[in-house]
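Notes for the one structure printed next.
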2 protein chains.
Amino acid sequence: MASQKIVKAVEALSALAHEGRLSVFRLLVRAGPDGLAAGDIARKLDVLPNTLSANLTVLATAGLVSSRRDGRSIIYKADYDRMAGLLNFLIEDCCNGDASICAPVAAVAAKAACC
Amino acid sequence: MASQKIVKAVEALSALAHEGRLSVFRLLVRAGPDGLAAGDIARKLDVLPNTLSANLTVLATAGLVSSRRDGRSIIYKADYDRMAGLLNFLIEDCCNGDASICAPVAAVAAKAACC
DNA sequence: TCCTTATTTCCAGAATTATCGAAATATATT
DNA sequence: AATATATTTCGATAATTCTGGAAATAAGGA
């Protein structure tokens with residue numbers, strides 16, 4: 001049986017491995033903690049509301065986004081902790097004790113650390 | 001038409017969004033620049049050689065691994081630059097100028113930077 | 001209550017992907 | 001040349017995922 005960690009990672013990667021969903025996720029990542037209403041996302045990305053809803057459900061099930069109701073709208077926002085957890089899993093043990101090996105990864109990390 | 005960047009990112013994420021392929025990729029990431037022979041990977045992960053071959057092809061097409069022949073064996077290794085590029089794309093503009101928002105991501109970055 | 005807006009759920013067909021046995025290719029050894 | 005080892009390619013079935021139309025649900029406003 002596969003480890004639970006890898007199953008969860010595959011679920012998150014599968015959620016992101018789709019052009020429409022990756023666009024939604026990136027839009028939410030940029031939108032920040034306030035998030036965006038489903039309708040706003042649909043208009044910005046020009047997708048049908050039912051298709052968007054299905055894709056948001058996939059992202060939410062994977063834990064990458066969360067939602068709350070605000071009047072008639074449902075506001076979605078990216079889950080930064082979950083995203084960080086996924087990145088962490090991908091780079092886990094990448095170095096294996098040798099700093100020179102994972103230099104490209106460290107460079108990305110340095111860029112992220114600037115903020 | 002979607003940007004080429006997002007298409008390539010989806011290709012890489014799709015390649016990783018599979019339990020068998022993610023295991024292979026992580027094994028190669030840990031194996032380092034010397035890589036591993038296809039047969040060694042098949043034995044370590046207990047998968048059929050033809051199934052493994054198909055999955056290695058998917059990873060190679062996505063640019064996440066590369067291969068070279070060594071006698072009868074074909075040695076595969078992870079492409080660290082490509083992995084770094086994917087991570088970079090995922091965290092791109094995550095901060096949007098506000099350091100407090102992407103703190104969890106920065107924490108992962110700091111961990112990666114330790115090596 | 002009736003109407004409008006916002007979003008989701010249901011459904012079915014279309015398309016894509018995964019898996020494995022069998023055969024083929026490539027290299028090395030004797 | 002004949003054989004063994006290493007890996008890939010082919011082909012067919014099984015399983016999963018994607019999409020969009022239509023209907024349903026939820027909330028606010030007249």
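The values are calculated or read from the model by the stated rules, or taken from the named source; none is laboratory data. No experiment lies behind these values; they were computed from the predicted model shown. For neighbour counting, all protein chains shown are included, and Cβ atoms are generated from backbone atoms with ideal geometry for every residue, glycine included. Quick note on the areas: whole protein, heavy atoms, side chains included, nothing else; ligands and nucleic acids left out. Shrake-Rupley method; radii C 1.70, N 1.55, O 1.52, S 1.80 Å.
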_For the range A:41-49, check the following and say yes or no: at least one residue is over 23 Å from residue A:9 (Cα atoms), open to solvent by less than 70 Å² (accessible area, probe 1.4 Å) and of a type in the set (Gly, Ala, Ser)._
yes
_What are the pairs with Cβ atoms under 7 angstrom where one residue, in the range A:60-72, is more than 14 Å from chain B (Cβ to nearest Cβ) and open to solvent by 60 Å² or more (accessible area, probe 1.4 Å) and the other, located anywhere, is more than 10 Å from DNA strand C (Cβ to nearest atom) and not in a strand (DSSP E or B)? Sequence gap at least six, or different chains._
none
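So that you can scan it fast, the table gives a plain yes or no per residue for (1) closer than 20 Å to residue A:81 by Cβ; (2) within 17 Å of the chain's Cα centre (by Cα); (3) modelled with pLDDT of 85 or more:
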residue	(1), (2), (3)
B:33	no, yes, yes
B:41	no, yes, yes
B:61	no, yes, yes
B:71	no, no, yes
B:101	yes, no, no
B:104	yes, no, no
B:112	yes, yes, no
*Restricting attention to the range A:11-31, report how many residues are buried (at least 19 other Cβ atoms within 10 Å of the Cβ), at the interface with another protein chain (Cβ under 10 Å from one of its Cβ atoms) and more than 9 Å from DNA strand D (Cβ to nearest atom).*
8
*Before we move on, is residue B:75 outside any helix (DSSP H, G or I), open to solvent by less than 40 Å² (accessible area, probe 1.4 Å) and over 30 Å from residue A:28 (Cα atoms)?*
yes
*How many residues are more than 9 Å from DNA strand C (Cβ to nearest atom), in contact (Cβ under 8 Å) with a residue 24 or more places away in the chain and part of a helix (DSSP H, G or I) when one looks only at the range A:15-54?*
10
_residue B:53 being open to solvent by less than 50 Å² (accessible area, probe 1.4 Å) and of a type in the set (S, T, N, Q)_ = no
